[in-house]
Amino acid sequence: MDKRSFLKSFGVLGFASAGGRFNLQEWITLHQHLPATELAGEEDFWKGIRDGYRIKPDYINLENGYYCFQPQEILEKYIQHIREVNYQGAYYMRNMQAGNKKAMAARLARLAGCSEEELIITRNTTESLDMIIGGLNWKPGDEAVMSHQDYGAMLDMFTQISRRYGVVCNRINIPNLPASDEEIVSLYEQAITPRTRLLMVCHIVNITGQILPVRKIADMAHRKGVLVMVDGAHAFAHIRYAIPDLHCDFYGASLHKWLSVPLGAGILYVKKEHIPQVWPLIASGERPPGDISRLNHTGTHPVATDLTIADAIDFYEQLGPERKEARLRFLQQYWTSRVRHLPRVQVQTPADPARSCAIANVGIEGIKPADLASTLLQRFNIYTVAIDYAGVHGCRITPNIYTTTAELDKLVSAIRELAA
């Protein structure tokens with residue numbers, strides 16, 4: 001059967017059928033002869049993947065950066081886990097949940113390329129990184145380095161430790177369109193003093209989508225004796241990497257974003273040698289100082305979310321990390337390349353494909369970001385989010401693998417009309 005006949009046969013059924021769903025592996029196999037970069041622009045293939053999602057028809061969703069909802073395949077398994085936990089009740093919670101959570105953390109560690117002794121499941125990136133920021137033994141006069149473009153929840157935590165312990169917070173400004181990696185590394189380096197203990201850096205800047213040279217920044221900071229904490233909320237299962245290759249000491253990420261796990265799960269990586277020096281967010285009783293599980297006590301929580309992590313990883317690995325990354329980068333380049341040089345249009349994300357992937361930010365001169373977001377939704381049925389701080393003024397545009405080029409054509413048309 002040729003590709004188009006296969007698509008016609010299965011396109012109506014889609015994934016969403018409890019009894020006989022669309023076979024993702026068969027669909028992948030049919031296209032496996034195509035390199036990821038070529039498949040990235042093959043709309044027939046991605047329309048087949050789109051069939052696996054239940055998509056709200058009221059608007060074009062280009063705000064997947066907040067939350068990448070599950071395809072039906074993962075959602076149905078999540079519901080099954082909820083039913084099973086409810087069926088087993090307290091027996092599951094007392095006898096099964098700890099082992100299952102450890103198994104899920106081990107799978108995540110393999111995906112992250114690190115030891116399972118260095119990674120735990122948290123509830124989100126904020127919890128992961130705030131545990132580090134609030135859990136180090138700070139002394140008055142200690143310093144920390146971060147950027148104005150970092151996520152607000154972590155900046156708020158730094159403000160709190162500044163008030164509580166007398167920590168000095170030094171913030172830099174990351175250029176939206178840097179000339180080179182060295183320009184960014186230099187900015188962080190200039191902010192470090194002999195009293196600096198911790199440097200926080202985004203792997204992908206959430207408001208612009210810029211990928212930062214984390215390893216180069218970490219190597220520079222380590223030469224000066226400074227620990228490095230990475231906000232990987234938007235990088236995990238978005239672009240390919242192994243956490244140890246970044247040379248960082250701490251790494252936090254959310255799983256409800258690019259891995260499409262249900263809301264309520266994240267990860268925290270702590271390099272083995274640093275585990276003893278971090279205080280847990282919630283006390284967990286006596287455990288060896290180097291046992292990362294002592295940082296993992298959260299009390300009773302929705303354990304079905306943890307169980308669904310394996311299903312989300314299965315989907316991600318079956319689709320193929322290289323295919324996914326190539327498609328996401330293709331989609332962003334597809335629309336930004338059509339508006340980047342228009343009069344009054346300001347794309348605040350680097351054009352170099354190596355410096356960004358799915359996420360980009362666009363503004364229009366003379367239109368406030370909030371007004372732009374409102375107009376895109378009300379006039380063009382395109383849902384985005386307005387960003388208007390830290391030197392970034394526009395709307396963050398975040399497609400996902402189910403997004404079509406036809407939908408992005410509507411975005412391009414809207415931007416052209418508003419900028420004219």
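The values are calculated or read from the model by the stated rules, or taken from the named source; none is laboratory data. Note that the coordinates shown come from a computational prediction; the quantities given were computed from them, not determined experimentally. Here Cβ is always computed from backbone atoms with ideal geometry, including for glycine, and neighbour counts include all displayed protein chains.
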Across the stretch 175-206, the tally of residues that are closer than 23 Å to T125 by Cβ and charged (D, E, K, R) stands at 1
Within the stretch 261-279, the residues that are in contact with a helix residue (DSSP H, G or I) (Cβ under 8 Å, 6 or more places away or on another chain) and not aliphatic (A, V, I, L, M) are P262, G264, G266, Y269, K271, K272, W279
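Those residues that are charged (D, E, K, R) and either under 17 Å from A153 (Cβ atoms) or part of a loop (DSSP other than H, G, I, E, B) (or both), I need them from the stretch 242-255; list them, please.
To start, the set of residues in the stretch 242-255 that are charged (D, E, K, R) comprises 245, 249.
Correct list: D249 only.
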Scanning the stretch 43-60 residue by residue, those of a type in the set (A, V, I, L, M, F, W, C) and more than 16 Å from Y316 (Cβ to Cβ) turn out to be F45, I55, I60
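How many residues does the stretch 367-377 hold that are assigned to a loop (DSSP other than H, G, I, E, B) and either under 23 Å from S337 (Cβ atoms) or in contact with a Phe, Trp or Tyr (Cβ under 8 Å, 6 or more places away or on another chain) (or both)?
Going through the stretch 367-377, the residues assigned to a loop (DSSP other than H, G, I, E, B) turn out to be 367-368.
Okay, now just the ones that are also either under 23 Å from S337 (Cβ atoms) or in contact with a Phe, Trp or Tyr (Cβ under 8 Å, 6 or more places away or on another chain) (or both), so 367.
Within the stretch 367-377, residues that are assigned to a loop (DSSP other than H, G, I, E, B) and either under 23 Å from S337 (Cβ atoms) or in contact with a Phe, Trp or Tyr (Cβ under 8 Å, 6 or more places away or on another chain) (or both) number 1.
Got a number for residues in the stretch 378-391 being in a strand (DSSP E or B) and either assigned by TED's automatic domain parsing to the domain that holds P178 or within 29 Å of G48 (Cα to Cα) (or both)?
3
When you look at G52, is it small (G, A, S) and either modelled with pLDDT under 95 or assigned by TED's automatic domain parsing to the domain that holds I397 (or both), yes or no?
Details: small (G, A, S): yes; either modelled with pLDDT under 95 or assigned by TED's automatic domain parsing to the domain that holds I397 (or both): yes.
Yes: the conditions hold for G52.
Quick check, is H274 at pLDDT below 95, surrounded by fewer than 20 Cβ atoms within 10 Å (Cβ to Cβ) and in the same structural domain as F250 (by TED's automatic domain parsing)?
Details: at pLDDT below 95: no; surrounded by fewer than 20 Cβ atoms within 10 Å (Cβ to Cβ): yes; in the same structural domain as F250 (by TED's automatic domain parsing): yes.
So H274 fails the test.
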Sole miss for E26 among (1) of a type in the set (D, E); (2) surrounded by 13 or more Cβ atoms within 10 Å (Cβ to Cβ); (3) free of Cβ contacts under 8 Å to residues at least 60 places away in the same chain is condition (2)
Within the stretch 347-357, is there a residue that is part of a helix (DSSP H, G or I), modelled with pLDDT of 95 or more and in contact with a strand residue (DSSP E or B) (Cβ under 9 Å, 6 or more places away or on another chain)? yes
Per the filter on the stretch 343-375, residues within 21 Å of A237 (Cα to Cα) and crowded, with 22+ Cβ neighbours inside 10 Å are T349, S356, C357, A358, I359, A360, N361
A careful count of residues in the stretch 392-420 that are assigned to a loop (DSSP other than H, G, I, E, B) and either charged (D, E, K, R) or surrounded by fewer than 17 Cβ atoms within 10 Å (Cβ to Cβ) (or both) gives 2
L295: passes all of (1) crowded, with 22+ Cβ neighbours inside 10 Å; (2) within 20 Å of the chain's Cα centre (by Cα); (3) among the aliphatic types (A, V, I, L, M) but (2)
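If you scan the stretch 277-287, which residues turn out to be assigned to a loop (DSSP other than H, G, I, E, B) and either closer than 14 Å to L136 by Cβ or modelled with pLDDT of 95 or more (or both)? Before you say what the answer is, go through the steps one by one.
First pass over the stretch 277-287, keeping only residues assigned to a loop (DSSP other than H, G, I, E, B): 278-287.
Residues satisfying the conditions are V278, W279, P280, L281.
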In the set E189, E182, E273, the lone residue that is touching a Pro at 6+ places or on another chain (Cβ under 9 Å) and outside any loop (DSSP other than H, G, I, E, B) is E182
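Quick check on the stretch 401-408. Is at least one of its residues among the hydrophobic types (A, V, I, L, M, F, W, C) and either assigned by TED's automatic domain parsing to the domain that holds V205 or under 20 Å from the mean Cα position of the chain (by Cα) (or both)? Even if it seems obvious, please write down each step before you answer.
First, pick out the residues of the stretch 401-408 that are among the hydrophobic types (A, V, I, L, M, F, W, C): 401, 406, 408.
Pick out the ones that are also either assigned by TED's automatic domain parsing to the domain that holds V205 or under 20 Å from the mean Cα position of the chain (by Cα) (or both) and you get 401.
Yes.
For the condition farther than 16 Å from G266 by Cα, out of contact with any Asp or Glu (no Cβ under 9 Å at 6 or more places or on another chain), surrounded by 15 or more Cβ atoms within 10 Å (Cβ to Cβ) and of a type in the set (D, E), what is the one hit in E116, E73, E84, E63? Break it down into steps so the answer makes sense when it comes.
Details: E116 fails: farther than 16 Å from G266 by Cα; E73 fails: out of contact with any Asp or Glu (no Cβ under 9 Å at 6 or more places or on another chain); E84 fails: surrounded by 15 or more Cβ atoms within 10 Å (Cβ to Cβ).
Criteria check complete, one pass: E63.
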Check: For the stretch 103-113, does any single residue satisfy the condition of being of a type in the set (A, V, I, L, M), outside the structural domain of H238 (by TED's automatic domain parsing) and touching a residue at least 60 places away in the same chain (Cβ under 8 Å)?
Finding: no
Of those in the stretch 256-270 that are of a type outside the set (S, T, Y) and in a strand (DSSP E or B), the residue farthest from the chain's Cα centre (by Cα) is V270
Within the stretch 332-346, of all residues that are in a helix (DSSP H, G or I) and of a type outside the set (K, R), the one farthest from I204 (Cα to Cα) is V339
